[in-house]
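Written out below as structure tokens is the structure these notes cover.
Please treat every number below as a calculation from the coordinates, not as lab data. Keep in mind that this is a model prediction, so the values were computed, not measured. For neighbour counting, all protein chains shown are included, and Cβ atoms are generated from backbone atoms with ideal geometry for every residue, glycine included.
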């Protein structure tokens, strides 16, 4: 799952506001690692988007849709069908 996803997933599931800063910087950190980190970037964007949709604060929905769109694009490009399906259908469930 990547170097940061397990702790990030736990943090995001708690929906704590202190976790948002880590969630924001995680995709940037992964992108700096290497091109091989692209799957982890897509997964992190998806998880962060999920957290924002669940929190539903001011501006969260728009930010989440942007992250989910990015995750969807990368997932499709890399053949990550399961993640692409999740990123595509998540906004429609709410």
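Summary of packing: across the peptides 43-53, 59-69, the per-residue average of other C-beta atoms within 10 Å ranks them, highest first, as 43-53, 59-69. Hey, for a label at residue 56 modelled as a point 7 Å past Cα toward Cβ, could you say which residues of region 64-94 have their backbone N under 17 Å away? Only 64-65, 90-94 pass the distance filter.
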